[in-house]
Amino acid sequence: MKANDMTARDHYHTHVYPSPFHAGQEKANKLKVWSRWADYLSVPAYYDASLEYFAARNSCAVFDLTPMIKHRVSGPDALAYLNRLVTRDVARIKPGRVGYAVWCTDEGQVIDDGTIFHLTEGVYRVCSQEHQIDWFLTSALGFDVEVVEETHEVAALALQGPTSCAVLKNLGLRGIENLTPFGSQAFAFAGTELMVSRTGYTGDLGYELWISPSHAEVLWSSLFEAGKHHGIRALGSQALDMLRIEAGFLLAGVDFMPAQHAVRPTHTRSPFELGLAWLVDFKKPVFNGRRALLAEKARGSRFTLVKLDIDGNKMARDSYVYSKERKYAGTVTSAMWSPSAKASIALATLEAPHGRPGEELLVEIYYKRDLKWSRVMAPCRVVENVFWEPARKRQTPPADY
Amino acid sequence: MIERRNVVIIGGGHNGLVCAAYLAKAGRKVTVVEAANRVGGAAITREFAPDFRVSACAHLLNLLDQGICKELALEKHGLAMAKTGLKTIALSPDGQHLALSGEQVDGKVPDQDRVALKEFRRFMDKFAGVIARLHNRVPPRLASGQTRDLVGLGKLALDIRMLGREDMREFLRIAGINIYDILQENFTSDLLKGALGLDAVLGTFSGPRSNNSVFTALHRLSGNTGQSPGTLSLPRGGMGSVSQALAAAARQHGAEIRTSSPVARILMENDKVAGVQLASGEQLMAATVVSNADPRTTFLGLLGARNLEAGFAQKVHHFRVHGNAAKLHLALSGLPEFPGLQNDLLGERLVIAPSLDYVERAFNHAKYSEFSQQPVMEIIIPSVFDQTLAPEGQHVLSAIVQYAPRELKGGWAAGKAAFTDSVLTVLEQYSPDIRSKAVMAELLTPEDLEKEFRMSGGHWHHGELSMDQFLMVRPVPGAAQYATPVDGLYLCGAGSHPGGGVMGSAGRNAARVILAS
Amino acid sequence: MKKYAAIVIGAGHNGITNAAYLAKAGLNVLMVEKSPWIGGASVSQELYKGWMYSNCSYVCSLLRPEIYRSLNLAKYGLQVVPYGGSVTLAQNGDILGSYVDDDVARREIARHSQRDADATVRFHRDIMRQCRFIRQYLLRTAPDPTSFRLRDLKELLHLGKAASRLGENGLYDLMRFYTMSIKDYLDEYFEHPLIKAARAGSGIIGSAMGVMSPGTAYVLLHHAMGEVDGNMGAWGFARGGMGAVAKAMNDCFTDHGGETLCGSGVERIMVKNGRVTGVALENGNEYLANVVVSNMTFPRTFLECMDEKDLSPAFLKKVRNFKIRGSSGKLNFALDGLPDFPALRGNHELIKGDMHLIDSIERLERAYDDWKSGIWSQDPYVDMLIPSLTDPTMTPPGKHFMSVFVQYVPPKVHGKDWTDAQRDQFGQTVINQIENYAPGFKKLILHAEVRTPRELENEVGLTEGNIFQGELTMDQLLFNRPIPGYAQYRGPARGLYMCGSSTHPGGGVMAAPGANAAREILLDLGKPNTVPEGWLDD
């Protein structure tokens, strides 16, 4: 079943579509459990989420990114358009570079986050977590720019982990070791163009590979062939979620409520409230949310999103966070036991004035042992650094392992 | 370096001139730049046939604010009325016309309608007073948490409370609904209802059965004119003389007015307004720019959506500006005859709206981008009272004709001739000799009005006047208090509160906001 | 003459709800109903042997869950079963399906417009915001804004607080939402004509306004604020037809000692010295009570069942000016088999939901133009359902019952009463319209019931056949419903109450007016309140 069947009149017979990598995924999916991500079948775990997690931290692992929403932005005003759209200065993303960005409503509330790829001079790819074409076209009023969604036209894989560079070298991508973090480069592969960016959602050395869906299968099999002596493994979404929490990455709809979806207008968050002040560049004269964010900066934010290092070994999923005085301070949005840090860690949204680095708080954790529920008030502290940040993440050229 | 006190006003329409006069009076250094070769915007008098002059867009005064007249001494600057207190003649195809004057009606109507008219005018005038009191206030914001907004809302609530319990209930009941129902509740005469209903829909994209039309009827009665609500006047020399007097007042206070100076764009420096650039390339630098142009032109044209945040630009984009009224001008070799109408009433306001259903049917076409086959009209022959407009013994006729939607299926280039013919055919039913007396006819479609008067959609209110585009949501939230999201840029035209009609309140309110900032 | 604590006139769903809450409070309640059956417009009837018809109201989602629960309707046998989806059929053979699966639903919209698929997220969000606001007021009595009584001031304050919780932009949205036409409102979200038309239909159902009439955006809410099991906007069938709702309610009423008299039309509500004393029936019987509650429409209550001299001329004028216009018709069919819609072949889920025949705003508006000129729409907007695909109790297996709601149908034809011949012509207009989309439909018809506003008025007592017991326009909402000064369920005579859809919050099988009126009556009588508060949702 191809993506263009999605626009066929009888599409409703198919509730969910196989990804272009389906053949490879199906073979690797020993558990035969599938989940859904946007229009596509996705794999929660192929064999064992923990082993997949360790593959990404120890050797390398492959995750199917195809369902991620992708847009192409081009035209004379592409840069001006993007600069009005997002809060950071896009002019600083040169051709062949990639940048993380958020975009806001006029009220300065985050609609979504994503990555902007400056493909060639004046041509950009914007990846997002949610569908954005309505907002992107709304924002295009007054600009000479073309914005199209190309989700189904681009198949994508993430290859993440310490041996990922070695695997790509094996694949024949000459010079891949010279690609710096947040760089992207096109390679010839199997008679087509393979774009590789040194990006990822794991906080480790890793790459993302972008190719036409027609060449997806050959990419998948070639990659696994090239990586067979480098511990390559398919990565499911459960393991990916662990990796991204350790790396401190946000997930829309989990760590923040996208503004276009929030029925309760006060439940949205500004970039400041998500700890993304570094993405807001007030030197730009006009961008969406600027006035509101300036006002917020002057007035102070309502919330802050922090990383928590929690004492003990219990997972703080869906927990309330309290001050030392046991007053409500906020809630955990994502939590896990970090196998690498050997710590219970979490992302939490705290009400002002809580959240300063080093602040000592309590997390109320409910946990079950042999079907019996217990509760613990675990001490925790706000930490500044992400829980996993190996030097190899930035190293260029990276080592082979 | 931009001089802080410099103000550039884009557009020398009546609101721009009022704003200029008040700012200049307060000591600001004001330059008005007007695209046309004369000031006035939609309040002008111009020659449309050799020696025949007419108020080319707005043609009657009914809302001009008395406070402005006094404070700017417009009489001293030459404003005089050729006639005030025009009656409305409801023309009937059978010659049994009605003459309306305030709460009085002459002609064949049942007695119960005469009684009902008194009561109708009583409550309508009273309710219009609530709206009139809003005209000289800056619309309050909702839930802003600011005291002045709470005071503004409190005043409005108090004005409504002060109506008294029964009238307050009636106000809350009818304010949001349609004039058709209210007239049906009160009257029996089709002709009377038609004429009263017409007032509610003139200049709007609505028919008598459209909700909000009670509100537009009230708006029309709501001027702070110092005369009884709805009083209609003809300025001597046409509407242009209002503008000339305003311009004279502004100049006297030191404002500079430059005509034939169209603005190409509004200049920004960082995130603030820096001035304007004229089509000639000349730049006028100013820390304050006030736009008398309509909101769409101001934001999406002169400033550009890219200089605004996207949500706001989208709201402006959705601001409804579907002009729906055309203007007919006839140069007449002599006074036309309207059978059934005495000659001494020919100078009054004549309306063709023989029944509510007639008006509603005329509106039906506009919904589908067609012009009315049987249009409604508001007709005046101002030369009856004002000899300056036409050669002696000859006359000009000026009529507002509805419905003529801005977006016509097939376009106006193709449709104009047919529409002109429909209009004259309807006119002939009431005045059989009109064609033979017409030596020259000019019809301005909304497209023509848009071009000549630079009004988006050819809409004389600069944007539909309805409850979802009124007060704190006019033109759009974020720009409803004359200030805009762009520092230093203000609105002062009919697209702002309290809307169109030659009133001047928007200009004065804007000046007050600017002076207070 | 027997004396009761309260007499409820009319056993519509609101009347029964009201009676049930009064009986629950220990009152001795009599309910009188003109028809031989209970339920009013919430009724199931076997009009053709073996076929059960929901021949008036036909879907159930607005019924407040608080009432469902507190009257124990499940115990009395009520089952509301959701149905999955709806579809709009276009003249060119294309469709716009609405599917329960989010991704399928989005792809279906994206098939027509990718942008509109995405805009739907924003649209649902904004409609949900409006629903959440109004929902707080469904089980509350509207305050009188002219009153200085403590309770009214408190309620006004509640309203003010709820409004300010919407925030500045939310308030502007609210203000615009209540005053815009559904067409203008949709234009701010969508670009595709079929998508707009499909949504616009909800703005005019049961209303004598067109999609371009300001005020119709709000009507949309009356079709979006229902819920089935917490799924806002979901619709469902009452198993056994809409009569099952009335039956369950009436069983609850009876269980609490209530008496129901069918076939007992009211001749007159008796008033003495400004207070009610009871009712006189058409059959000559009189029953006494200090409380009389009318489930009838507002005009019917005062113009037909009361003595003019018991009412002030000013009040009577307001009653006469109450806007209650028939605008809809209803056809019910017993079918020999399932109609074949070529556009829906193989799409078995959509045919189980409501099917709309419309594809443009202009067609909808022109349908309204016909109504304005005094004739039924020649190209009518049709909303069809085949409940027998979901509810196995309605027809023999393989046979079907189809309910067809039609907009617009005038209460009179060119100002004159309907004739039977005109009714049949109207029926033909609708049947032909369906035949256009389902060739062979005519041949399946075993029995057809055609109801114009005349039949709706004569058989169910809905004045002019208005299904909401009064237009849902600004002049008749909240503290203006039915008229200003009488919006708190109390009539002009002491002891006289109103509990029909003519009162706040209006029509649809919601039962909120009946419950709210009961609360006011119990308050006046100093009895403990048996009416539940609305469930909060923050």
### Task
Give the number of residues within the range B:155-190 that are among the hydroxyl-bearing types (Ser, Thr, Tyr) and farther than 18 Å from B:Glu119 by Cα.
0
### Summary
Of the residues in the range A:62-78, those that are in contact with a Phe, Trp or Tyr (Cβ under 8 Å, 6 or more places away or on another chain) and within 12 Å of another protein chain (Cβ to nearest Cβ) come to A:Pro67, A:His71, A:Asp77
### Task
Return a yes/no flag: does the range C:317-328 have any residue that is in a helix (DSSP H, G or I), touching a residue at least 60 places away in the same chain (Cβ under 8 Å) and farther than 29 Å from C:Gln378 by Cβ.
yes
### Spans of strands (runs of 3 or more DSSP E) in the range C:41-114 with at least 1 residues within 14 Å of chain A (Cβ to nearest Cβ) and among the hydrophobic types (A, V, I, L, M, F, W, C)
C:86-89, C:95-98
### Message
Testing C:Tyr185 on (1) modelled with pLDDT under 95; (2) under 30 Å from B:Gly154 (Cα atoms); (3) in contact with a helix residue (DSSP H, G or I) (Cβ under 9 Å, 6 or more places away or on another chain), one condition comes back false. Which one is that?
### Response
(1)
### Query
So which residues in the range C:122-157 are hydroxyl-bearing (Ser, Thr, Tyr), more than 13 Å from chain B (Cβ to nearest Cβ) and more than 17 Å from C:His222 (Cβ to Cβ)?
C:Thr141
### Message
B:Gly164 - would you say it is more than 25 Å from the chain's Cα centre (by Cα) and either more than 8 Å from every other protein chain (Cβ to nearest Cβ) or surrounded by 16 or more Cβ atoms within 10 Å (Cβ to Cβ) (or both)?
### Response
yes
### strands (runs of 3 or more DSSP E) wholly inside the range B:221-275 that include at least 3 residues being hydroxyl-bearing (Ser, Thr, Tyr) and modelled with pLDDT under 95
none
### Task
Any chance you could count how many residues in the range A:3-45 are touching a helix residue (DSSP H, G or I) at 6+ places or on another chain (Cβ under 6 Å), away from chain C (no Cβ under 14 Å) and loosely packed, with under 15 Cβ neighbours inside 10 Å?
1
### Query
Quick one: is B:Thr31 among the β-branched types (Val, Ile, Thr), more than 22 Å from B:His329 (Cβ to Cβ), surrounded by fewer than 18 Cβ atoms within 10 Å (Cβ to Cβ) and out of contact with any Phe, Trp or Tyr (no Cβ under 6 Å at 6 or more places or on another chain)?
no
### Task
Sort through A:Asp64, A:Asp48 and tell me the only one that's over 30 Å from A:Pro285 (Cα atoms), among the acidic types (Asp, Glu) and surrounded by 22 or more Cβ atoms within 10 Å (Cβ to Cβ).
A:Asp64
### Qualifying residues in the range A:286-333 (those that are in a helix (DSSP H, G or I) and either of a type outside the set (A, V, I, L, M) or away from chain B (no Cβ under 14 Å) (or both)) - the one nearest to A:Ala101 (Cα to Cα)
A:Arg290
#### Entry: Meets criteria (within 13 Å of chain C (Cβ to nearest Cβ) and out of contact with any Pro (no Cβ under 7 Å at 6 or more places or on another chain)) for B:Gly102
no
### Query
Within the range B:303-315, can you find the residues that are crowded, with 24+ Cβ neighbours inside 10 Å and over 17 Å from A:Val86 (Cβ atoms)?
B:Leu303
### Query
Restricted to the range B:118-145, and to residues that are over 25 Å from the mean Cα position of the chain (by Cα) and closer than 21 Å to B:Ala217 by Cβ, which residue is nearest to the other protein chains (Cβ to nearest Cβ)?
B:Glu119
### Query
What residue, of B:Asp357, B:Asp344, is in a helix (DSSP H, G or I) and away from every other protein chain (no Cβ under 14 Å)?
B:Asp344
### Message
Could you list, ordered by first residue, the pairs with Cβ atoms under 8 Å in which the first is in the range C:362-377 and over 10 Å from C:Val409 (Cβ atoms) and facing chain B (nearest Cβ under 10 Å) and the second is in a loop (DSSP other than H, G, I, E, B) and polar (S, T, N, Q), at least 6 apart or interchain?
### Response
C:Arg366/C:Ser377; C:Tyr368/C:Ser213; C:Tyr368/C:Ser377
### Summary
Per the filter on the range A:136-167, residues away from every other protein chain (no Cβ under 14 Å) and on the phi > 0 side of the Ramachandran plot are A:Gly161
### Summary
Among residues of the range A:249-282 being among the small types (Gly, Ala, Ser) and out of contact with any helix residue (DSSP H, G or I) (no Cβ under 8 Å at 6 or more places or on another chain), the residue nearest to A:Ala352 (Cα to Cα) is A:Gly275
### helices (runs of 4 or more DSSP H) wholly inside the range A:1-110 containing at least 3 residues that are without any contact (Cβ under 8 Å) to a residue 40 or more places away in the chain
A:22-28
### Query
Is at least one residue of the range C:277-290 in contact with a helix residue (DSSP H, G or I) (Cβ under 9 Å, 6 or more places away or on another chain) and surrounded by 20 or more Cβ atoms within 10 Å (Cβ to Cβ)?
no
### Query
Given (1) touching a residue at least 40 places away in the same chain (Cβ under 8 Å); (2) over 23 Å from the mean Cα position of the chain (by Cα), where does B:Arg306 come up short, assuming only one miss?
(1)
## Note on the structure
Of (1) farther than 25 Å from C:Asn516 by Cβ; (2) assigned to a helix (DSSP H, G or I), C:Ala448 satisfies every one except (2)
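So that you can scan it fast, the table gives a plain yes or no per residue for (1) at pLDDT 95 or above; (2) farther than 18 Å from C:Ser501 by Cβ; (3) away from chain B (no Cβ under 14 Å); (4) buried (at least 22 other Cβ atoms within 10 Å of the Cβ):
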residue	(1), (2), (3), (4)
C:Phe190	yes, yes, no, yes
C:Pro193	yes, yes, no, no
C:Gly201	no, yes, yes, yes
C:Met212	yes, yes, no, yes
C:Val219	no, no, no, yes
C:Glu227	no, yes, yes, no
C:Ala234	no, yes, yes, no
C:Lys247	yes, yes, yes, yes
C:Thr254	yes, yes, yes, no
### Summary
Okay, strands (runs of 3 or more DSSP E) sitting entirely in the range C:177-274 with 3 or more residues that are over 24 Å from the mean Cα position of the chain (by Cα), I get C:266-272
### Task
Taking only the range B:71-117 into account, find how many residues are under 18 Å from B:Glu378 (Cβ atoms), within 22 Å of the chain's Cα centre (by Cα) and surrounded by 18 or more Cβ atoms within 10 Å (Cβ to Cβ).
7
### Message
Condition first: within 14 Å of chain B (Cβ to nearest Cβ) and closer than 26 Å to B:Tyr368 by Cα. Can you find one or more residues in the range C:321-344 that meet it?
### Response
yes
## Note on the structure
Filtering the range C:463-501 down to residues that are away from chain B (no Cβ under 14 Å) and farther than 21 Å from C:Tyr58 by Cβ yields C:Tyr489, C:Arg490, C:Gly491, C:Pro492, C:Ala493, C:Arg494, C:Gly495, C:Leu496, C:Tyr497, C:Met498, C:Cys499
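The values are calculated or read from the model by the stated rules, or taken from the named source; none is laboratory data. All of these numbers come straight from a predicted model, not from anything done at the bench. Backbone-built Cβ (ideal geometry, glycine too); neighbour counts: all protein chains shown.
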